[in-house]
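A.B. asks: I'd like to ask some things about the structure below.
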Amino acid sequence: MKVTLTVNGSHRELDVPPLMRLIDALRGPLGLTGTKEGCAEGECGACTVLLDGDPVCSCLVPVGQCAGRSVTTVEGLGSIDHLAPLQRMFVDHGGAQCGICTPGMLVAAEALLRRTPKPTEAEIREGLAGNLCRCTGYQRIVESVKAAAELRGDRGEGAA
Amino acid sequence: MQPSVGVSVPRVDGAAKVAGTALYVDDLPPLPGELHGVTVRSRVARGRLRGVTFDPAIDWSDVTIVRAEDVTPNVVALIVDDQPVLAADVIRHAYEPVVLLACADRAKLARAAAAVTLEVDPLPPILDPEAALSADAVVEGRSNLQKRYLITKGAADVGDEASLAAIEAALAGCEVVVRGRYTTTHQEQLYLEPQGLIARWDDHGVHVVGSIQCPYYVHKALTKGFDLPADRVHVTQAVTGGGFGGKEEYPSVLALHAALLARKSGRPVRMIYDRKEDLEATTKRHPAICDVATGCDRDGTLRVLAMRVVMDGGAYVTLTPVVLSRGALHAAGAYRWRDARIEALAAATNTPPNGAFRGFGAPQTIWAIERHLDAVARELGRDPLDLRRQNLLTIGDTTATGQKLAFSVAGLECLDKARADSGYDEKRRRGPVATGRVARGIGAATFLHGAGFTGSGERNLKGKAAVDLVAGGRLLIRTGSTDIGQGTETVFRQIVADAAGLPIGAVDYAPVCTTHVPDSGPTVASRTIMIVGSIVESAARKVAARVAAERDRAGGTFAEAGDRLIAAGEVTELVQYVSPDYVKWDDATYKGDAYPVFAWSCFIAEVDVDLDTFETTVVGFWSATDVGRAVNPVLCVGQIEGGALQALGWALTEEIVWKDGLIQNPRLTNYIIPTALDAPHMTTALIEEPFPFGPGGGAKGIGELPMDGGAPAVAAAIEHATGLSLGALPLSPERLLAASRRNAL
Ligand code: FES
Ligand code: FES
């Protein structure tokens, strides 16, 4: 089946089974391996992407459901040469250790900051509660998101 | 030149990780002709394998099949060669691999795996480690006693046979004697990236790339497994999504499996575990049963310690002797004892082999001794932290193995710092606070953790690392030490940059491939920065000295002089670790300097316990840790906080539920690790009491230490809040409810 969707701002067309999981479409034909799989059942959040701006687990979403919609992955937040402030703060404040949870964590944090530009620590923890991290103990992630919120000012939107 | 050490330089692999371009094993593009591999496992804890049938409804022509008879020698090389690569006729645990399959089509592969039937005559499994010691053999012809250690000090130091009576006599002579039993359960490492690797063969031999903590362990397993010369085995670490010990020995099994399928099919084979298989089949923390008896004076001076530890090793020995050793060596905690007898045993059971997990045996015995000290404090009517302060080891004291502590001992400073930061005294004085149905309490643990290999381990290991001079005045670190998230690549660059007087940007880190980097010893045992870091530091100094001599001779900048040297020939320094002379250890008597140095810490937890549901929430967490020298404070704090939360998970929610040797909760929906909401705000203080032989001005190893103190601190806080004293992990609502019923009787 042909599926057209917008991925990180670009128009993409796929010919895949409609029940293919979004994560497999991203990591396979779309070549975006930044999105990770940690459990395949909606528990870990490593596969989090934005679907029309809302965070979803891409391991649970069939790609057919994304037709005509807009998907944002970690690659869409900023590139390695042009990191978004949120990404940069994760590097500077120890928000990423092994990094396997990081893409999903960043996408969830992006959604949080768009909703709540100046979150409290409790709001950050609440906003990231669907994303597991086994390395950091979360405190450095909280600090990274706080620092990013500062940098972004009150604009909310995550432009660099 | 600004020094790099002591500065929180951003981690060098950070940009790729936050941009999503870092390539973990399953992100590597498929190789031409690549197959996927899967493992068919027993699903019976113990039995005789009569045969295997392959459903003829499947077309097997494009499926590669590997069975035990394809494997010679059929053994995973580790400490003891008791583990088969594939089970031949005996099943010894429920996840024993029996058949390997590979196919290009993943959907077909799944159907094929379901079409393999194992005919197994089940036998009653041996599941209780204490009972196992007198049960029939788990592995035929081998004792179920996988290992035993005995540590004796003072009155107990009268030989193995007489030591038990002697320690009981010493206890009998004490004013106050307290006895208790403390137990811990399995814990899964739960790195968020499941295990996986890709194997292929070509004219150069076998190549493996994957999520690996110790590439040279995998190298050894493949060299022995395929009887290959060392230079025909090439093991490369991909970016690795966490390990915590779980990717120490297990990847050897996976590498053998993938390489067998690749050899038989003549194609590259990718084997990536899903979460369920990873949770079921890979190693976990050893459960332990610790029986403790102590004697002290009425004023709280600790005198006598007797501890018997029984660990469950699982079906095969793997790394159990080393884990047990570290457990025994930490059993006396951070305290002075005049007389001590520590007996540690590991038993084989029909469960998957337990293995390396951050802390490596120490969290189990520290759980026991810390819980026990709380019981002693209760008996004496003392504040538990005061009792600890009175008995903490300081400079000049000797440990249970007779190690005299000469430097870098800051247990007291850690205790005082965490105590002050947390407001412990005031909160204790106030007593538990009940708000509605919620009771709040605070509790503490003080502990130490030995850094580096045990005893003569580093001397025997002879870890090596190299620093090369490369064009343009740059240095290249070549080491087998892996970055699995801790920040090794960044911290080593900092150490080398300072040793050579260069900016950190002038230092590179060679990709970790056994063909190009020396064996620095495994990335384990809190040894990477302290031991291997000191090797790269000395190699960098040597290279820098050669460049400095060239500058003295003919002038120019570092880069110009360096390039002249390179033009004349390769400039590299390969350095082998030299243990400091003072480290003396006797393996036969288990006496001497168990570790070159210890890191010290105090953890304090504050909890809310819901008195209706008995759910516990950790609402505050303070720690102070003596790290020697924090090379990169942000990364160092990150290690402590990350380890501490793993410990809080172990304390409260993480439990493997078993039935007849099978795991009942092999999924993230029912094996529960903490989320950001479950985790407390953490206040983390670093104390720097330099280790004279540590790199960067005195760094000590701290990777494992934070796993040790979390559980006992939480248990102490629960006890303060509710009056319920638990000796068994996890501190679940069910256990608290049972304890409250007992108390009410
Ligand atoms: S992989 Fe999708 S939530 Fe874990
Ligand atoms: S950084 Fe490793 S899981 Fe979060």
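Derivation of every value follows stated rules applied to the coordinates shown; laboratory data play no part. Remember, it's a predicted structure, so these values are computed and weren't measured experimentally. So basically every Cβ, Gly included, is an ideal-geometry build from the backbone, and we count neighbours across all protein chains shown.
A.B. asks: What is the sum of charges, Lys and Arg at +1 and Asp and Glu at -1, for the other residues whose Cβ falls under 14 Å from the Cβ of residue B:194?
C.D. replies: Values: positive: A:36, A:134, B:247, B:270, B:275, B:276, B:667; negative: A:37, A:41, A:43, B:26, B:27, B:188, B:193, B:274, B:277, B:278, B:280.
Spelling it out: positives minus negatives among the neighbours equals -4.
A.B. asks: In the range B:162-265, which chymotrypsin sites (Phe, Trp or Tyr not before Pro) fall in coil by DSSP and have 10 or fewer other Cβ atoms within 10 Å?
C.D. replies: Numbers: sites: B:182, B:191, B:201, B:216, B:217, B:226, B:244; in loops: B:191, B:226, B:244.
Within the range B:162-265, no chymotrypsin sites (Phe, Trp or Tyr not before Pro) qualify (loop, at most 10 other Cβ atoms within 10 Å).
A.B. asks: Name the lysines eligible as straight-distance cross-link partners of residue B:427: C-alpha to C-alpha under 24 Å, and not fewer than 8 places from it in the same chain.
C.D. replies: B:417
A.B. asks: Rg and Dmax of the range B:452-493, Cα atoms, in Å?
C.D. replies: When restricted to Cα atoms, the range B:452-493 yields Rg and Dmax of 13.3, 42 Å.
A.B. asks: On a C-alpha basis, how far is the centre of the range B:658-695 from the centre of the range B:498-565 in Å? Whole number, if you could?
C.D. replies: The range B:658-695 and the range B:498-565 have Cα centres spaced 34 Å from each other.
A.B. asks: Considering the convex hull of the alpha carbon atoms of the range B:16-66, report its projected area averaged over all viewing directions, in nm², one decimal. Write down the numbers at each step before the final one.
C.D. replies: Details: hull surface 27.9 nm².
Spelled out: convex hull of the Cα atoms, projected over all directions, averaged, 7.0 nm².
A.B. asks: On to the next question. Given R₀ = 45 Å, what would the calculated FRET efficiency be for residue B:298 paired with residue B:665, taking r from the Cβ atoms and rounding to 0.05? The partial results should precede the final answer.
C.D. replies: Working: r = 47 Å, r/R0 = 1.03.
My answer for the efficiency is 0.45.
A.B. asks: Are there any GluC sites (Glu not before Pro) in the range B:548-615 that are in a DSSP loop and have at most 11 other Cβ atoms within 10 Å? List them by number.
C.D. replies: Details: sites: B:550, B:560, B:570, B:573, B:606, B:615; in loops: B:570, B:615.
When the GluC sites (Glu not before Pro) of the range B:548-615 are filtered for loop state and at most 11 Cβ neighbours within 10 Å, B:570 remain.
A.B. asks: Over chain B, what is the mean sequence separation of C-alpha contacts under 8 Å (at least six apart), divided by residue count, expressed as relative contact order in percent?
C.D. replies: 16 percent.
A.B. asks: Same structure, new question: Rounded to two decimal places and with Rh computed the Kirkwood way over Cα pairs, what is Rg over Rh for the range B:252-320? Don't jump to the answer; show the numbers that get you there.
C.D. replies: Details: Rg = 22.3 Å, Rh = 16.5 Å.
Ratio value, two decimals: 1.35.
A.B. asks: Can you tell me the length gained on complete extension of the stretch residue B:611 to residue B:60, counting 0.36 nm per residue apart and subtracting the Cα distance?
C.D. replies: Fully extending the segment from residue B:611 to residue B:60 adds 192.4 nm.
A.B. asks: Let me ask you something else. Eigenvalues of the Cα gyration tensor times 5, then square-rooted: what semi-axes does that give for the range A:2-76, in whole angstrom, largest first?
C.D. replies: Details: eigenvalues 58, 34, 24 Å².
For the range A:2-76, the semi-axes come out at 17, 13, 11 Å.
A.B. asks: So between residue B:584 and residue B:230, what do we pick up on full extension, going 0.36 nm a residue minus the alpha carbon distance? Don't skip to the answer; put the middle values down first.
C.D. replies: Working: separation 354, 0.36 × 354 = 127.44 nm, distance 3.24 nm.
So the chain would gain 124.2 nm between residue B:584 and residue B:230.
A.B. asks: To one decimal place, what orientation-averaged projected area in nm² is obtained for the convex hull of the Cα set of the range B:102-143? Walk me through the numbers before you get to the answer.
C.D. replies: Values: hull surface 20.5 nm².
Spelled out: convex hull of the Cα atoms, projected over all directions, averaged, 5.1 nm².
A.B. asks: Give me the Debye-computed log₁₀ of I(q)/I(0) at q = 0.09, 0.10, 0.15, 0.22 Å⁻¹ for the range B:608-733, equal point scatterers on Cα only, no solvent, two decimals.
C.D. replies: For the range B:608-733 at q = 0.09, 0.10, 0.15, 0.22 Å⁻¹, log10 I(q)/I(0) is -0.32, -0.39, -0.77, -1.23.
A.B. asks: What share of Cα pairs, in percent, lie more than 20 angstrom apart in the range B:31-148? Present the calculation step by step, with values, prior to reporting the outcome.
C.D. replies: Numbers: 3463 of 6903 pairs.
Roughly 50 percent, rounded to a whole number.
A.B. asks: A further question follows. Treating the range A:85-153 as a set of equal point scatterers at the Cα positions, no solvent, please give the Debye-formula log₁₀ I(q)/I(0) at q = 0.25 Å⁻¹.
C.D. replies: Debye output, listed in q order: -1.10.
A.B. asks: Under the Kirkwood approximation for Rh and a Cα-based Rg, what ratio Rg/Rh is obtained for chain B?
C.D. replies: Values: Rg = 26.2 Å, Rh = 26.9 Å.
Dividing the radius of gyration by the Kirkwood radius yields 0.98.
A.B. asks: Taking the Cβ of each residue in B:659, B:542, A:118 as the centre, tally the other Cβ atoms inside 10 Å and list the residues starting with the fewest. Intermediate values should be presented prior to the final figure.
C.D. replies: On the way: B:659 10, B:542 17, A:118 13.
Arranged by neighbour count, lowest to highest, B:659, B:542, A:118 become B:659, A:118, B:542.
A.B. asks: What distance in nm separates the simple spin-label points at residue B:459 and residue B:117, each placed 7 Å from Cα in the Cβ direction?
C.D. replies: With each label point 7 Å from Cα toward Cβ, the separation is 6.0 nm.
A.B. asks: Still on this model: What's log10 of I(q)/I(0) for the range B:274-391 at q = 0.19, 0.21 Å⁻¹, Debye sum over Cα points only, no solvent?
C.D. replies: The calculated log intensity ratios at q = 0.19, 0.21 Å⁻¹ are -0.91, -1.04.
A.B. asks: When 1/r is averaged over all different Cα pairs and the result inverted, which Kirkwood radius in Å belongs to the range B:202-247?
C.D. replies: Computed over Cα pairs of the range B:202-247, the Kirkwood hydrodynamic radius comes out at 11.0 Å.
A.B. asks: List the pairs from B:462/B:591; B:220/B:462; B:247/B:462; B:284/B:584 whose alpha-carbon separation is above 24 Å, in the order I gave them.
C.D. replies: Working: B:462/B:591 21 Å; B:220/B:462 16 Å; B:247/B:462 22 Å; B:284/B:584 32 Å.
Too far apart for the 24 Å limit: B:284/B:584.
A.B. asks: Using only the Cα atoms of chain A, what are the Rg and Dmax in Å?
C.D. replies: Spelled out, the Cα radius of gyration and Dmax of chain A are 15.0, 45 Å.
A.B. asks: Then there's this: Take the Cα pairs of the protein assembly as shown, get the Kirkwood Rh, then feed it into Stokes-Einstein at 20 °C and 1.002 mPa s and tell me D in µm²/s. Write down the numbers at each step before the final one.
C.D. replies: Details: Rh = 28.3 Å.
For these conditions, the coefficient is 76 µm²/s.
A.B. asks: In addition: Between the DSSP loop rule and a limit of at most 13 other Cβ atoms within 10 Å, which trypsin sites (Lys or Arg not before Pro) in the range B:257-313 are left?
C.D. replies: Details: sites: B:263, B:264, B:270, B:275, B:276, B:284, B:285, B:298, B:303, B:308; in loops: B:284, B:285, B:298.
Passing both the DSSP loop test and the Cβ count: B:298.
A.B. asks: Please give, to one decimal in nm, the separation of the simple spin-label points placed at residue B:394 and residue B:406, each 7 Å out from Cα toward the Cβ.
C.D. replies: With each label placed 7 Å out from Cα toward Cβ, I get 2.0 nm.
A.B. asks: Another question about this same structure. Given the -39500 (n - 2.57) contribution per DSSP H run of 4+ residues, what per-residue ellipticity at 222 nm results for the protein assembly as shown, rounded to the nearest 500 deg cm²/dmol?
C.D. replies: On the way: 25 runs with 275 residues, N = 905.
Calculated at 222 nm, the ellipticity per residue is -9000 deg cm²/dmol.
A.B. asks: Using Cβ-Cβ distances only, list the Cys residues of chain B with no partner cysteine under 4.7 Å, sorted by number.
C.D. replies: Result for chain B is B:103, B:174, B:214, B:290, B:296, B:513, B:636, no neighbouring Cys Cβ within the cutoff.
A.B. asks: I've got another one for you. Return the Rg/Rh value of the range B:355-500, two decimal places, where both radii are evaluated on C-alpha atoms and Rh is the Kirkwood radius.
C.D. replies: Working: Rg = 21.7 Å, Rh = 19.7 Å.
The Rg/Rh ratio comes out at 1.10.
A.B. asks: What is the order of B:18, B:76, B:233, fewest Cβ neighbours within 10 Å to most? Don't jump to the answer; show the numbers that get you there.
C.D. replies: On the way: B:18 30, B:76 22, B:233 26.
The order, fewest Cβ neighbours first, is B:76, B:233, B:18.
A.B. asks: Given labels modelled 7 Å from the Cα in the Cβ direction, how far is it in nm from residue B:203 to residue B:172?
C.D. replies: 7.8 nm
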